[in-house]
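**Student:** Encoded as structure tokens, here's the structure I'll be asking about.
The values are calculated or read from the model by the stated rules, or taken from the named source; none is laboratory data. Note that the structure is a prediction, hence the values are computed from the model and not measured. Cβ placement follows ideal geometry from the backbone for every residue including glycine, while neighbour counts extend to all protein chains displayed. The accessibility values were calculated without ligands, DNA or RNA, using every heavy atom of the protein model including side chains. Shrake-Rupley method; radii C 1.70, N 1.55, O 1.52, S 1.80 Å.
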Amino acid sequence: MYSGVNDENNQGAFNDENSLYHYSYSKDREPQPGQPDPSQTSWQPASRPEDPVSPEEPVAYTTGACQDDPQPPKPEKGSFWKKTGTKVTALVLCCALIGGLCGFGGASLARRGGKATIQESGRTASAVSVKSVDGQTLMTPAEVYASTVNSVVSINCSAVSTNIFGQKVESASSGSGFVITQDGYIVTNQHVVSGASSVNVTLYNGDTYPATVVGGDSDYDVAVLKIEATGLQAVTLGKSADVNVGDTVMAIGNPLGELTFSMSQGIVSCCDRAINVDGTPFNMIQVDASINPGNSGGPLMNLYGEVVGIVSAKYSSYSNTTVEGIGFAIPISDVQTIITDIMENGQVTDKAYMAIKAGSMTEQMAAQYNINVTQGVFVYAVEKGGAGEKAGLQLGDVITKLNDTEITSMSDLSMAKKGFKAGDTVTLTVWRGGQEITLSLTFDEQPQTTGTEDDSSNQNQGQQDSYGDLYDYFFGRGNGGRGN
């Protein structure tokens, strides 16, 4: 509050018309018509109408506008973020509008130009030539496929079985194969056609023929089919002994039963891999080419277009671990004579046969029969007049070696026999009566109705006990394994 009008510091503010703190009348201002002379006017502060000031009361002057001077509106100040947001929004909308106009204009100009420019290669693709498979011409994988795919076939089988309710149930399976002669002989795996009631073969050109199973062998997992057709393109067999680790190989077949005549490529990982498939030992070519159900029975080819193996199996899991990139093929040289034998005789002839009943030796058996060896093949029985009896084998003998090959189980013995045929002579190392002896054995021809020697895993404890009784008859118990 100011106390008087003679304050020099406030005189300017009082005389300033633009100041909020001024009087409506100053000494330098001329009176308007109808208004009192400022020199004759007594100054008094503004007061409310309901509270008039008496002329006789002392006057105290206050700051403020006079009632007669209207106040100009005070401008509102906007928020900083409100102002900035408005500017940014406007800028974004402008950019979007400009971009849309540019795009529309560019598209219009392009349409007016007539064509959009897309860069294309000017390379001329080389044609894949079909070459003759002569064992001398090295080919690309594409040329191998073009030159041999007409020799590959798709095999579809159906089988009828009876369920537990006595109802007939039909099942289907598929595999692959290849033409081995121009007059319709086809090679595949035994497990592809085993138990099939009907087999159909489809060629690459789409022709389908009913097939007859000529014969097969489960020890080698090989089967031969026959279709009534002539003039077919047959494969050329190579030598699996010439295959080396790292060689490029290709498998052509019918994966999953649907992706017919597909080819996968890889390298040879191992040339002589010993594996056991459902109790049957095999020497295989290991590859990393993609092998799937339906590829079984198809050809494994080298870059000369020669068949060096028969695709047979794939490891899909091992010790609860998923496995990829491990496939196997039967070396073609191991089964070539088997294939010819089946084609000519309908079965495998001259197959080596020992005429014994035997099983894998175990530690439990060694403890039970008081034998000092825990590995080998235990002889349960010897067929009268057979090769085993002629060689001098007896019940209770343990075969530990065939020629120079160590025998630790029935799988080892079965594998070793595959290298011989009927009439061949071998030397057996046998554990008998606490010592090793050697015997000379000449193989018989295996009868088709007999199958291979039984493994002890297929025999129950009762059978082993009966053989134990026979063992007691010859050797007795508690005498160190020596006979009476």
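**Student:** Here's a check for you: in region 178-187, which residue that is open to solvent by less than 60 Å² (accessible area, probe 1.4 Å) and on the phi < 0 side of the Ramachandran plot is nearest to the chain's Cα centre (by Cα)? Spell out how you get there, then give the answer.
**Tutor:** The first filter runs over region 178-187 and keeps only residues open to solvent by less than 60 Å² (accessible area, probe 1.4 Å), leaving 178-181, 184-187.
Filter once more, so that each one left must be on the phi < 0 side of the Ramachandran plot: 178-181, 185-187.
Numbers: 178: 26, 179: 30, 180: 32, 181: 35, 185: 34, 186: 30, 187: 28 Å.
Looking at residues that are open to solvent by less than 60 Å² (accessible area, probe 1.4 Å) and on the phi < 0 side of the Ramachandran plot, I get 178.
**Student:** Moving on to the next point. From the set of residues in region 419-436 that are in a strand (DSSP E or B) and open to solvent by 30 Å² or more (accessible area, probe 1.4 Å), which is farthest from residue 447 (Cα to Cα)? First the steps, then the outcome.
**Tutor:** Taking region 419-436 and keeping what is in a strand (DSSP E or B), we get 421, 425-432, 435-436.
Right, trim to open to solvent by 30 Å² or more (accessible area, probe 1.4 Å) and you get 421, 425, 427, 431-432, 435-436.
Working: 421: 13, 425: 18, 427: 22, 431: 28, 432: 28, 435: 33, 436: 31 Å.
Of everything passing the filter in region 419-436, 435 is farthest from residue 447 (Cα to Cα).
**Student:** Output the residue which, of all residues in region 390-418 that are part of a strand (DSSP E or B) and among the aliphatic types (A, V, I, L, M), is surrounded by the fewest Cβ atoms within 10 Å (Cβ to Cβ). Even if it seems obvious, please write down each step before you answer.
**Tutor:** Taking region 390-418 as the starting set, the residues that turn out to be part of a strand (DSSP E or B) are 398-402, 405-406.
Retained after the next criterion (residues that are among the aliphatic types (A, V, I, L, M)): 398-399, 402.
Values: 398: 24, 399: 26, 402: 22.
My answer is 402.
**Student:** Just need a number here: residues in region 248-276 that are part of a strand (DSSP E or B), among the aliphatic types (A, V, I, L, M) and either open to solvent by 10 Å² or more (accessible area, probe 1.4 Å) or without any contact (Cβ under 8 Å) to a residue 12 or more places away in the chain (or both). Don't jump to the end; show me each part of the working.
**Tutor:** The initial filter retains those residues of region 248-276 that are part of a strand (DSSP E or B), namely 248-253, 262-276.
Applying the additional criterion that residues be among the aliphatic types (A, V, I, L, M) yields 249-252, 263, 267-268, 274-275.
Next cut, either open to solvent by 10 Å² or more (accessible area, probe 1.4 Å) or without any contact (Cβ under 8 Å) to a residue 12 or more places away in the chain (or both) only: 263, 267, 274-275.
The number of residues fulfilling the criteria is 4.
**Student:** Tell me yes or no: at least one residue of region 188-196 is at pLDDT 95 or above, open to solvent by less than 40 Å² (accessible area, probe 1.4 Å) and either touching a His at 6+ places or on another chain (Cβ under 9 Å) or not in a loop (DSSP other than H, G, I, E, B) (or both).
**Tutor:** For region 188-196, residues at pLDDT 95 or above, open to solvent by less than 40 Å² (accessible area, probe 1.4 Å) and either touching a His at 6+ places or on another chain (Cβ under 9 Å) or not in a loop (DSSP other than H, G, I, E, B) (or both): present.
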